[in-house]
Amino acid sequence: MTQMRKWATPLTMGVFLLMAVTGILMFFHLDMGLNKAAHEWLGWVMVAGVGAHLAVNARAFLSHLRKPLARGIMGAMVAVLALSFVPMAGAGAGGSPVSAVMQAVERADVGTVIALSGQEEAAGLARLAEAGFVAEAGMPMQVLTGGDRGVQAQVIGVLFAE
């Protein structure tokens with residue numbers, strides 16, 4: 001246990017930081033590069049780190065569970081976990097409607113996204129060029145952005161800015 005104590009808490013703290021930052025980025029659809037993969041795969045490291053941390057601090061953990069507030073918080077989280085499995089009406093099979101829209105924009109061509117912004121195609125292409133994006137009318141957004149959600153958000157920002 002002494003050896004585990006040296007690494008369990010620092011590992012839990014470090015992986016929590018990674019999970020928090022990547023989770024926030026994913027929530028706001030600003031994840032890019034390996035953010036999502038790191039969040040998903042290193043979540044397993046967090047499970048291991050928290051398990052080791054609990055093993056080292058079992059006595060303190062069990063004493064917390066004797067208190068009504070701790071039991072209430074844990075019970076509430078178990079209830080939220082159970083509710084997270086209930087399908088949302090209107091969200092469709094894919095989950096978040098925002099995610100579905102962002103995926104549709106990624107599959108669309110640049111001309112379609114320009115049309116959605118209410119601009120003429122030539123004006124939209126000129127705006128993109130001014131912002132440093134080399135785009136052509138029939139070019140898929142995925143090609144323009146390289147599949148990067150952060151770049152996609154920038155392109156949308158350029159086209160939909162007042």
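The values are calculated or read from the model by the stated rules, or taken from the named source; none is laboratory data. This one's a predicted model, so the numbers in the text were calculated from it and none came from an experiment. Please note: Cβ atoms are built from the backbone with ideal geometry, for glycine as well, and neighbour counts cover all protein chains shown. The area values use the complete protein model at the heavy-atom level, side chains included, leaving out ligands, DNA and RNA. Shrake-Rupley method; radii C 1.70, N 1.55, O 1.52, S 1.80 Å.
Some observations on this one:
- Every pair of residues 6+ apart whose Cβ atoms lie under 8 Å, when the first sits in the stretch 41-58 and is farther than 11 Å from Met4 by Cβ and β-branched (Val, Ile, Thr) while the second is modelled with pLDDT of 90 or more and surrounded by 17 or more Cβ atoms within 10 Å (Cβ to Cβ): Val45/Leu11; Val45/Val15; Val50/Thr12
The rows are residues; the columns are (1) among the β-branched types (Val, Ile, Thr); (2) touching a helix residue (DSSP H, G or I) at 6+ places or on another chain (Cβ under 9 Å); (3) under 30 Å from Met13 (Cα atoms).
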residue: Gly43; (1), (2), (3): no, yes, yes
residue: Leu83; (1), (2), (3): no, no, yes
residue: Ala126; (1), (2), (3): no, no, no
residue: Phe133; (1), (2), (3): no, yes, no
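- Checked against (1) touching a His at 6+ places or on another chain (Cβ under 7 Å); (2) under 22 Å from Gly33 (Cα atoms), Ala70 passes all but condition (2).
- Every residue from the stretch 17-42 that is at negative phi and not in a helix (DSSP H, G or I): Phe28, Leu30, Asp31, Met32, Leu34
- Selected residue [under 17 Å from the mean Cα position of the chain (by Cα), surrounded by 11 or more Cβ atoms within 10 Å (Cβ to Cβ) and of a type in the set (Val, Ile, Thr)] from Ile24, Ile73: Ile24
- Residue, least open to solvent (accessible area, probe 1.4 Å), within the stretch 116-162, restricted to residues that are part of a helix (DSSP H, G or I) and touching a residue at least 60 places away in the same chain (Cβ under 8 Å): Gly150
- Here Val86, Val113, Val101 are screened, and the one residue that is part of a helix (DSSP H, G or I) and open to solvent by 50 Å² or more (accessible area, probe 1.4 Å) is Val101.
- If only residues of the stretch 27-44 that are more than 25 Å from Gly157 (Cβ to Cβ) and open to solvent by 50 Å² or more (accessible area, probe 1.4 Å) are counted, the one that is farthest from the chain's Cα centre (by Cα) is Trp44.
- Taken together, Leu54, Leu62 contain a single residue that is assigned to a helix (DSSP H, G or I), modelled with pLDDT of 90 or more and in contact with a Phe, Trp or Tyr (Cβ under 8 Å, 6 or more places away or on another chain), which is Leu54.
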